[in-house]
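Heads up, the thing below is written out as structure tokens.
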Amino acid sequence: MKFDLFVVGAGSGGVRAARLAAAEGYRVGIAEGSRVGGTCVIRGCVPKKLMVYASEFKEIFKDSMGYGWDIGAINFDWHKMRIARDKEVDRLETAYQTNLQKSGVKIFENFAKCVGPKSLELNNGEVIEAEHILLATGGVPKKPDFDGVDLSISSDEVFKLESLPKEILIYGGGYIACEFASIFKGLGSKVHLVYRGDNLLKGFDRDVRNTVTSEFRRKDIHLALNSTITKVSKENKKLRVVLADGQNFSVDEVLCATGRKPNIDDLGLNRIGVRVENGAISVDGYQRTNIPSISAIGDVTDRLNLTPVAIRDGIAFVNTVFKKNPTKPDHDLVPKAVFCQPEVGTVGITEEEAKKMLKLYKVYKTFFKPMKNQLALRDERVLIKIIVEKETDVVLGAHIVGHAAAELIQLIAIAVKMGATKEDFDKTCAVHPTLAEELVTLN
């Protein structure tokens, strides 16, 4: 069977590229050996965000008492949440499949590997010929090496838990670890978070990291920083976890959230000579590998591992290859969010990066208790911080920790991307009373 384009991996980036190429009249096929939708839809952003929503209600119910509500007894049903969550994931998978079919893309429910510059082999033995091959297989969890690591679960398996663990130990300090620590704490589990560093969310602005770390402690998430796991062993129906600093815990589950790696195993890359660097497929600015007929997008290239970035990578690929409009994907000033509690939203440079990059810069920030938390008697505070180049007055970075930080940063990112100055922010009238008005009143 011959195609103009054959995509390996039906995640967000691969699906977008396949549909766009098919819309231009090209013959397109796509192979997915797991489920259509990829990490984001099936075992990442979507089901995790639904669990984030579920975990927020406990504090919302508690807050409501300060506003006169009498809630009474509240109970959480893990089984009911899981059924509803999985039903929504199934709905989205069906929508992805339907949209591919409507676009004229032929779906192969198989794993595929490259056997030549323009040929692939499916795991049923069928050989596919294609003028262009696009590798979009995403990433997979990676676990550290310690005794008993096989007794732990990853961020893929966490969605398969049959019941809510009474006590869970999470290993890691990045996006995934912080998000699941908040999720399980909000749903009622006792949570231990073990991280080898001295502060959570490495790579984020220092004030963001300090705020999240202190808020986690305030929420009674037990932090074991500057430590690592040395051993996990079975102990009756529990797991015994021993840390390098001598601490040990008896828990129901151990979740390794120590990062992800490009999913390149069994793609046949070595066989045909596709260049791999540091475990990721190496591409040029136009996302071409060293073999002209093979391109790669998204997490498998380990550039900026976010779903919206993979989608934009897919668009750029189609523009370059099928619309004869060479396009490099824009990975500059991409906003990011961490859906922990409190939530994090950030775009642009951190203060630490400003020190290295700029001769002179200004920092504007505020740390306050928002109005909503006053009657709720919740002590959680909000951080808003912007980084400004002194010479040009251009806003080069914005960082928020607090309620709806992700929603706010999406809007702020538009202004930052347009090159807005601090004066532009100052000239904008505030909406009062809101949390966001602090953005235009910082001094």
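Brief remarks follow.
- Output for segment 220-238, where each listed residue is over 19 Å from N199 (Cα atoms) and surrounded by 22 or more Cβ atoms within 10 Å (Cβ to Cβ): V232
- Some residue of segment 248-255 being of a type in the set (S, T, Y), touching a Leu at 6+ places or on another chain (Cβ under 8 Å) and more than 13 Å from L135 (Cα to Cα): yes
- Residue within segment 257-275 that is in contact with a Ser or Thr (Cβ under 6 Å, 6 or more places away or on another chain), assigned by TED's automatic domain parsing to the domain that holds V89, surrounded by fewer than 17 Cβ atoms within 10 Å (Cβ to Cβ) and of a type in the set (K, R) present: yes
- The set of residues from segment 143-161 being within 20 Å of R35 (Cα to Cα) and in a loop (DSSP other than H, G, I, E, B) comprises S154, S155, D156, L161.
- For segment 16-37, the condition holds for no residue, the condition being that it is surrounded by fewer than 20 Cβ atoms within 10 Å (Cβ to Cβ), within 20 Å of I153 (Cβ to Cβ) and of a type in the set (D, E).
- Among the residues of segment 35-68, the ones that are among the hydroxyl-bearing types (S, T, Y) and either over 26 Å from the mean Cα position of the chain (by Cα) or modelled with pLDDT under 95 (or both) come to 2 in all.
This table checks each residue for (1) over 30 Å from G13 (Cα atoms); (2) among the polar types (S, T, N, Q).
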| site | (1), (2) |
| --- | --- |
| V36 | no, no |
| R43 | no, no |
| K48 | no, no |
| F57 | yes, no |
| Y67 | yes, no |
| N75 | yes, yes |
| H79 | yes, no |
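- Flag for L164 being aliphatic (A, V, I, L, M), assigned to a loop (DSSP other than H, G, I, E, B) and at pLDDT 95 or above: yes
Let's see how each residue does on (1) more than 29 Å from the chain's Cα centre (by Cα); (2) on the phi < 0 side of the Ramachandran plot; (3) of a type in the set (D, E, K, R):
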{"residue": "K113", "(1), (2), (3)": "no, yes, yes"}
{"residue": "P117", "(1), (2), (3)": "yes, yes, no"}
{"residue": "I128", "(1), (2), (3)": "yes, yes, no"}
{"residue": "E131", "(1), (2), (3)": "yes, yes, yes"}
{"residue": "K143", "(1), (2), (3)": "no, yes, yes"}
{"residue": "G148", "(1), (2), (3)": "no, no, no"}
{"residue": "S155", "(1), (2), (3)": "no, yes, no"}
{"residue": "V158", "(1), (2), (3)": "no, yes, no"}
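- Filter result for I71 (at pLDDT below 95 and either touching a helix residue (DSSP H, G or I) at 6+ places or on another chain (Cβ under 6 Å) or not assigned by TED's automatic domain parsing to the domain that holds E162 (or both)): yes
- Matching residues, segment 303-325, being outside any helix (DSSP H, G or I), hydrophobic (A, V, I, L, M, F, W, C) and more than 24 Å from V208 (Cα to Cα): F322
- Elements of type helices (runs of 4 or more DSSP H) in segment 326-426, at least 1 residues being within 23 Å of the chain's Cα centre (by Cα) and not assigned by TED's automatic domain parsing to the domain that holds Q287: 351-357, 405-417
- Filter result (over 20 Å from E162 (Cβ atoms) and in contact with a His (Cβ under 9 Å, 6 or more places away or on another chain)) within segment 248-277: F249
- Residues that are in contact with a Lys or Arg (Cβ under 6 Å, 6 or more places away or on another chain) and not small (G, A, S) do not occur anywhere in segment 11-26.
- Of all residues in segment 246-302, those that are in contact with a strand residue (DSSP E or B) (Cβ under 6 Å, 6 or more places away or on another chain), free of Cβ contacts under 8 Å to residues at least 60 places away in the same chain and assigned to a helix (DSSP H, G or I) total 1.
- In segment 74-86, the residues that are not assigned by TED's automatic domain parsing to the domain that holds S189 form Cβ pairs under 7 Å with partners that are part of a helix (DSSP H, G or I), at six or more places apart or across chains, as follows: I74/F61; F76/L187; M81/A54; R85/P47; R85/L50; R85/M51.
The values are calculated or read from the model by the stated rules, or taken from the named source; none is laboratory data. As the structure is a prediction and not an experimental result, all values here were calculated from the model. Neighbour counts run over all protein chains shown; Cβ positions are idealised from the backbone, glycine included.
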